[in-house]
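Let me begin by presenting the structure, written as structure tokens, before commenting on it.
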Amino acid sequence: MRCIHLAGKVTIQQIADMAGVSKFAVSRALSGKSGVSEKTRAHIVRTAGNLGFFNTNRVSPPSVQVPQTAGITGTVVILFPNIRYQNVENKFWGVVFEGISKRLEHSGLNIVTLTQPSGESITRILNPETLLGVIGVGTVSTQSLLQIRDLNVPLVLIDHIDPAVVCDGIFADNFDMMRKLMLKLISRDYQKFQFVGDPSYAYSFGERWRAFETVLEEYRIPHQQMETLLKSGKSEYDLIMDIPREELPEVFICANDSIAVEVSKALRERGIAIPWECAVTGFDDTPLSEDNVPPLTSVHVPREAMGAKAVDRLLERIRNKEDYFEKIMLIGDIILRASTR
């Protein structure tokens, strides 16, 4: 891999070198002109963002004002991605949305919920004159985020980072919470682990996977990850059904509760005793975790608080547009239940 040393302003040539494309392609992609595929455009924009091409220097000191709504009127758009399960009906995202809507209702502001349109520009749908700001929930596409940025309205993202767009973000501290869960299990003499879930599905999944790997490496625990368990193609139920009994780990670390429920179902149907023969953990502490048989050890994520914090941060941004951007992390708790010993 080539090493590119950056000094001062990021250039088109530096972006082209890092992305492995021509300067012409970079120029077309960043200017929004035709001549490059959408896949190449997204790759170039992400590369430019990683190099700091879109960074904005802010010179004013950060504000410490409490969010206020006096004199603020208009509409806040809640934007969901066009991705399966990342919607209002989902047991995780639905509670996040509840936190957003309750706080907006308390603030007396209008709310519009929008799913990321396919093949249509968001700017054709939104009216900038009455738009106060946008809260993106989940993995909103780079293309949509760039369109929102061009509207020059405040933007807050929940559980998502896109290097092409610099904005405020609200997160659970997924890395630290997964680390604590892993340490708890190691302290209970678990040594053979398998992670289940696609790290690319959401920012939170990626952080949970990264913490999983980091802890195993830190404690020098031998690990050979089953790559099929990290992909989104086959159902988790089918994946677990296909694993030979002698290759089962001591514990499956699942990226969320929904996955853990499917893993538990497969183990039960195979007659494998949970947790004595194989343990299972979830993440998020949704109602699924308590309803599972046996109830799941999980990590409580303050989902409603994440939604409320996003509104608070959006209002602060409206009041103080020159503040430094913030990445706000909320801490959860480990909830031990009968799916682990």
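The values are calculated or read from the model by the stated rules, or taken from the named source; none is laboratory data. Computed from a predicted model, the values in this text were never measured in an experiment. Neighbour counts are summed over all protein chains in view; Cβ atoms, including those assigned to glycine, are modelled from backbone coordinates with ideal geometry.
Each residue in region 156-199 was checked for being among the charged types (D, E, K, R) and without any contact (Cβ under 8 Å) to a residue 24 or more places away in the chain, and 1 of them qualify.
To keep it simple, each residue is scored yes or no on (1) polar (S, T, N, Q); (2) buried (at least 21 other Cβ atoms within 10 Å of the Cβ); (3) touching a helix residue (DSSP H, G or I) at 6+ places or on another chain (Cβ under 8 Å).
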{"residue": "162", "(1), (2), (3)": "no, yes, yes"}
{"residue": "175", "(1), (2), (3)": "no, no, yes"}
{"residue": "179", "(1), (2), (3)": "no, no, yes"}
{"residue": "183", "(1), (2), (3)": "no, no, yes"}
{"residue": "189", "(1), (2), (3)": "no, no, no"}
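Restricting region 203-232 to residues that are part of a helix (DSSP H, G or I) and of a type in the set (Val, Ile, Thr) leaves a set whose member that is surrounded by the most Cβ atoms within 10 Å (Cβ to Cβ) is 215. When we screen 253, 240, 272 for residues that are assigned by TED's automatic domain parsing to the domain that holds residue 201, of a type in the set (A, V, I, L, M), part of a strand (DSSP E or B) and on the phi < 0 side of the Ramachandran plot, the only hit is 253.
Each row is one residue, and each column tells you yes or no for (1) within 16 Å of residue 253 (Cβ to Cβ); (2) surrounded by fewer than 17 Cβ atoms within 10 Å (Cβ to Cβ); (3) modelled with pLDDT of 95 or more.
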site	(1), (2), (3)
269	no, yes, yes
274	yes, no, yes
285	yes, no, yes
297	yes, no, yes
307	no, no, yes
314	no, no, yes
318	no, no, no
322	no, yes, no
325	no, yes, yes
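Scanning region 72-90 finds no residues that are aliphatic (A, V, I, L, M), closer than 24 Å to residue 316 by Cα and free of Cβ contacts under 8 Å to residues at least 12 places away in the same chain. Only one of the listed residues (162, 168) is out of contact with any Asp or Glu (no Cβ under 8 Å at 6 or more places or on another chain) and either of a type in the set (Lys, Arg) or not assigned by TED's automatic domain parsing to the domain that holds residue 270 (or both). That residue is 162.
Quick grid of which residues meet (1) surrounded by fewer than 23 Cβ atoms within 10 Å (Cβ to Cβ); (2) within 23 Å of residue 73 (Cβ to Cβ); (3) in contact with a strand residue (DSSP E or B) (Cβ under 8 Å, 6 or more places away or on another chain); (4) in contact (Cβ under 8 Å) with a residue 60 or more places away in the chain:
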residue: 116; (1), (2), (3), (4): yes, no, yes, no
residue: 128; (1), (2), (3), (4): yes, yes, no, no
residue: 142; (1), (2), (3), (4): yes, no, no, yes
residue: 153; (1), (2), (3), (4): yes, yes, yes, no
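Counted as qualifying within region 72-175 are the strands (runs of 3 or more DSSP E) with 2 or more residues that are within 22 Å of the chain's Cα centre (by Cα), over 26 Å from residue 283 (Cβ atoms) and modelled with pLDDT of 90 or more, namely 75-80, 131-137. Among the residues making up region 103-139, a single one is closer than 16 Å to residue 158 by Cα and basic (Lys, Arg): 103.
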